[in-house]
């Protein structure tokens, strides 16, 4: 891997990528002045903030699970005063300042990048989970008729928002490492001159949903180089990054952008705490070019004002208690939990399905992407399997247009060993019912 001299994309470059909607947004007259309220001696008559004396909450106390049997149960306390007022009040659009600072330090620790004016100009915004960030990224970057390069199969939750934004999907075939750089290069090298060129590639590079595939370092390098060659963005949606359980985590596109040298500013990275802290607490963040993050923040200020400040305050207190090392120790334990789940689930699949299905062992995430010995998994899964008492997702929902596919996505995150055994017994019976032949076993 050869490093090149580093450079930052000029801010005017993003005019080609930002949508008309994003460019038409203007800062809130009120929120733009929020920082001045913290100036010593300033008397604020600015915002219609409810007076915290009227709030019925005296404190917020959260008890944590012990990290090992017999270990203490630590408590997080957000007591009356500035901390509680911050947790219950209108606050900064991009997130609580101390949480924002922690995330900035985390991105530097994990991905090797720190925002420094004139050196590495990127920004961070806290969001209500990564789906919130994804929705606002779509509004900022995709408009009617834009071509978007997607994995095939692709995360089903991404399809509706990109469709609403007006995307025309260009499907890139996947292999055991996710999106194929070779197939992507073929598409871009042969792109018709009379068609607008794609703005971005959308990828879930770790423990892909649905395929379970994880891109290796060289694969990411190859795709990043294609982005530079053909002038498109990479929307790196990486909620399973910390759920890597076989080997070390592969450097992110966001990290590689700096490691490789050359142009920076082509990666918009989405992170989520839903898979490692709580899906209900709805905390994630977006990291990327300042111009794109600014457009997302302006969307937030108009749509929901800010991410949930109470959830942020709880996570902020948790991160302050743990520190970065404590957080990374926690996600390592979570990854190990899902590794055990994966092993047991795959063992049950091998026991009951190996003669009628094939799959690639996932090295991260929560999913097994099963290729059934049948033509149409939709009929098998959506119609017959439910009648036999097992629910999964047919592969057709992971493509932007209807098609017949033998694939189905199975999640092992919640299933006990006993449930996995029984589920695969039922799924096996379902496949043979569909085929209309007797099970040789």
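Nothing in this text is a laboratory measurement; each read-out follows from the coordinates by a stated rule. What you see is a predicted model; the values in this text were computed from it and never measured. Neighbour counts run over all protein chains shown; Cβ positions are idealised from the backbone, glycine included.
Highest mobility in the GNM of the chain, judged by mean-square fluctuation with C-alpha springs under 10 Å and restricted to 133, 215, 165, is found for 165.
Exposure proxy shown here: for 25, 403, 98, 113, the number of other Cβ atoms within 10 Å sets the order, fewest to most, as 403, 98, 25, 113. May I ask for the angle, rounded to the nearest 10°, between helix 97-111 and the longest principal axis of the chain, with both axes built from Cα atoms and the value confined to 0 to 90°? Once rounded, the angle reads 50 degrees. Between the C-alpha center of region 121-182 and that of region 254-269 there is a gap of 18 Å.
Pairing the Cα long axis of helix 217-230 with the longest principal axis of the chain, what angle in degrees results, from 0 to 90 and rounded to the nearest 10? Orientation of helix 217-230: about 70 degrees from the principal axis.
Less than 14 Å from a label point 7 Å out along the Cα-to-Cβ axis of residue 105: which backbone N atoms in region 63-79 qualify, by residue? No residues fall inside that zone.
Entry note, the chain: relative contact order of 19 percent, from Cα contacts under 8 Å with a spacing of 6+ residues.
Across region 48-89 the C-alpha pair distances fall into 5 Å bins from zero in the proportions 5, 21, 23, 15, 11, 10, 8, 4, 2, 0 percent. Annotation: the antiparallel percentage among DSSP beta bridges lying fully within the chain is about 60.
The angle between the Cα long axis of helix 290-303 and the longest principal axis of the Cα atoms of the chain comes to about 90 degrees, rounded to the nearest 10. Per residue, the average separation of C-alpha pairs within less than 8 Å and at least 6 apart gives region 48-89 a relative contact order of 41 percent.
Neighbour counts of other Cβ atoms within 10 Å put 285, 359, 191 in the fewest-to-most order 191, 359, 285. Of interest is the spacing of the C-alpha centroids, which for region 193-220 and region 51-116 amounts to 33 Å.
Which of 376, 15 comes first, and how do the rest follow, when ranked by fewest Cβ neighbours within 10 Å? In order of increasing Cβ crowding within 10 Å: 15, 376.
Between 151, 143, 182, the GNM of the chain built on Cα springs shorter than 10 angstrom shows 182 fluctuating the most. Here the extension length gained between residue 57 and residue 44 equals 2.3 nm, from 0.36 nm per residue of separation less the Cα-Cα distance.
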